[in-house]
Amino acid sequence: MKVSIVGAGPAGLYAAILLKRMRGDLEIAVAEQNPPDATFGFGVVFSDDGLAFLRRDDPETVDLIEPHMMRWNDIAVVHRNRRIDIDGVGFSGIGRLELLELFRRRAGQLGIRPTYNTRLEDIGSIRADLIIGADGLNSRVRASGDFGEKVHMQANYFVWYGTNREFDALTQSFVETEWGPMNVHHYSYAPGRATFLIEAAPTTFDRAGFGDMEEPEYRKRCEEIFGDVLDGAILIPNNSLWRRFPHLSCERWFDGNKVLVGDALHTAHFSIGSGTRLALEDAVALCTALRDCEWATEKALPRYRSKRAPILAKIVNAARKSADWYDDFGTHMKKAPWPFALDYIRRAGRITPERLRKMAPRFSAEAERNGCSLEVAE
Ligand SMILES: Cc1cc2nc3c(=O)[nH]c(=O)nc-3n(C[C@H](O)[C@H](O)[C@H](O)COP(=O)(O)OP(=O)(O)OC[C@H]3O[C@@H](n4cnc5c(N)ncnc54)[C@H](O)[C@@H]3O)c2cc1C
């Protein structure tokens, strides 16, 4: 059986590893348009829940990546210069490049050598029993088939930078600028390194004139705006362009011998830090379905969808709600720091007072002491 994997991002490399482990005689080809050391972005985060999910399916991989991760227990929300810590929401961060390097080494041990610097354009010319589209948001595999894709664009603009300092928690800093409200998601992923992802509402973006500036100019402006957060550190660019987040979904997950995984199939807003986790879980679900259906693709591909879709829907819905909350963060910022932090932690869905107390006991007690009701607002 010949399997052709398009894309050596997290989903593509991980699918190759899993398939080879399950069935050593598979012929697996992985093509990647970029060189091995090229990547966009800086660090990615996994929630504790996300890692636990992955561990359940594949403890070996979690054991491989966990020692390279930075871990923290709290989320910090900074609003009106007041920092409020929300306990009980653990996260781990790792550099995207480091994660891919670990996967690449593991794939190499299994005899898989991706072909780098090779962009596959004509998907129809690939001769394989199964073509896995792990080629990200602008997937050629998706474009070559009938997948019924839908895209919803979030309103806010965001730009992804790195910075040369560490933070002690996954922090959300909200600031009121002379052009309107802005936000930065900042978290460490390696010693002395952090991701610094800046968001602006469309009105702020327009008033500040970010759309008319070149990259070095808006970087400088952002360094000024977030000077207190950066505390002397600089912003490090890496293809740092202002964009809007596209929520992609597909009605169909496979078409003939082509199947999609990861960002080629769906996206999940970065504010819940789950894109990479979902990409890896898709790979697990697809490979498990293939094995369970004894490698009969006509049975395995529908099974992949029917088993995976309900689980995926929950996280994707939470990500959509979270993204919508961020699109309106200027309105939420009218609240005082404690009600604001409470609003923030509930952004992806209703959390009952009991659940919140259990999940974040320290934060819940302090919120109540500061006059907030944990009852779910209608
Ligand atoms: C601003 C931002 C912040 C994020 N933060 C997080 C986070 O904190 N945590 C998290 O888990 N996720 C995060 N994500 C999401 C995460 O980056 C993606 O969900 C994840 O990378 C998806 O993996 P993938 O393998 O499906 O796709 P990708 O990582 O996009 O990989 C696709 C690969 O395919 C290659 N490729 C594309 N087309 C071709 C072709 N025609 N031929 C050959 N190769 C091709 C590409 O070069 C690429 O290497 C973030 C995303 C954004 C935009």
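Where a number appears in this text, it was derived from the coordinates with a stated rule and is not lab data. Remember, predicted model here, so these are calculated numbers, not experimental data. Every residue, glycine among them, receives a Cβ derived from its backbone with ideal geometry; neighbour counts consider all protein chains shown.
Over 34 Å, how big is the tail of the calculated P(r) for the chain, in percent of all Cα pairs?
That fraction is 30 percent.
Note that segment 202-219 has calculated 3J(HN,Hα) couplings of x, 5, 4, 4, 5, 4, 6, x, 4, x, 9, 9, 7, 3, x, 6, 6, 5 Hz, one per residue in order, obtained from phi through the Karplus relation 6.51 cos²θ - 1.76 cosθ + 1.60 (θ = phi - 60°); glycine and proline are x. Packing, taken as the mean count of other beta carbons within 10 Å per residue, orders the peptides 124-132, 267-275 from highest to lowest as 267-275, 124-132. Neighbour counts of C-beta atoms inside 10 Å place Cys287, Cys293 in the sequence Cys293, Cys287, starting with the fewest. Rounded to whole numbers, the Karplus 3J(HN,Hα) couplings from phi for segment 75-90 are 9, 10, 10, 10, 9, 6, 6, 10, 9, 10, 8, 10, 7, x, 10, x Hz, using 6.51 cos²θ - 1.76 cosθ + 1.60 with θ = phi - 60°, and x at Gly and Pro. With viscosity set to 0.890 mPa s at 25 °C, what whole-number translational diffusion coefficient in µm²/s follows for segment 218-258 from Stokes-Einstein and a Kirkwood radius over Cα pairs? D, rounded to a whole number, is 176 µm²/s. Rounded to the nearest 10 degrees, the inclination of helix 297-327 to the longest alpha-carbon principal axis of the chain is 10 degrees. With 0.36 nm allotted per residue and the present C-alpha distance subtracted, the Asp146-Met1 stretch has 49.8 nm of extension available. Segment 77-127 and segment 326-378 have Cα centres lying 31 Å from one another.
P(r) for segment 302-350, from all Cα pairs and a bin width of 5 Å, is 5, 20, 21, 17, 11, 9, 7, 5, 3, 1 %, short bins first.
Translational diffusion of segment 236-378 was estimated from the Stokes-Einstein equation, with Rh taken as the Kirkwood radius over Cα pairs; at 37 °C and 0.692 mPa s the coefficient is 184 µm²/s.
Size of segment 45-193 from its Cα atoms: along the principal axes, largest to smallest, the extents are 59, 38, 28 Å.
Relative to the longest principal Cα axis of the chain, at what angle does helix 48-57 sit, 0 to 90 degrees, rounded to 10? Result, in degrees: 20. Lysine pair count for the chain (Cα-Cα distance under 28 Å; residues 8 or more apart in sequence or on different chains): 25. For GluC sites (Glu not before Pro), the sites in segment 239-346 that DSSP calls loop and that have at most 15 other Cβ atoms within 10 Å are Glu251, Glu294.
Here segment 119-159 is described by how far its Cα atoms reach on the three principal axes: 41, 23, 14 Å, from widest to narrowest. Just so you know, the averaged projected area of the alpha carbon convex hull for segment 1-77 sits at 6.8 nm². Each stretch of four or more DSSP H residues adds -39500 (n - 2.57); spread over every residue of the chain, this sum gives -11500 deg cm²/dmol at 222 nm. Over segment 155-297, the pair-distance histogram of Cα-Cα distances with 10 Å bins from zero comes to 10, 34, 27, 16, 10, 3, 0 percent, rounded to whole numbers. In plain terms, the residue of Arg244, Arg369 with the fewest other Cβ atoms within 10 Å comes first and the most crowded comes last, giving Arg369, Arg244.
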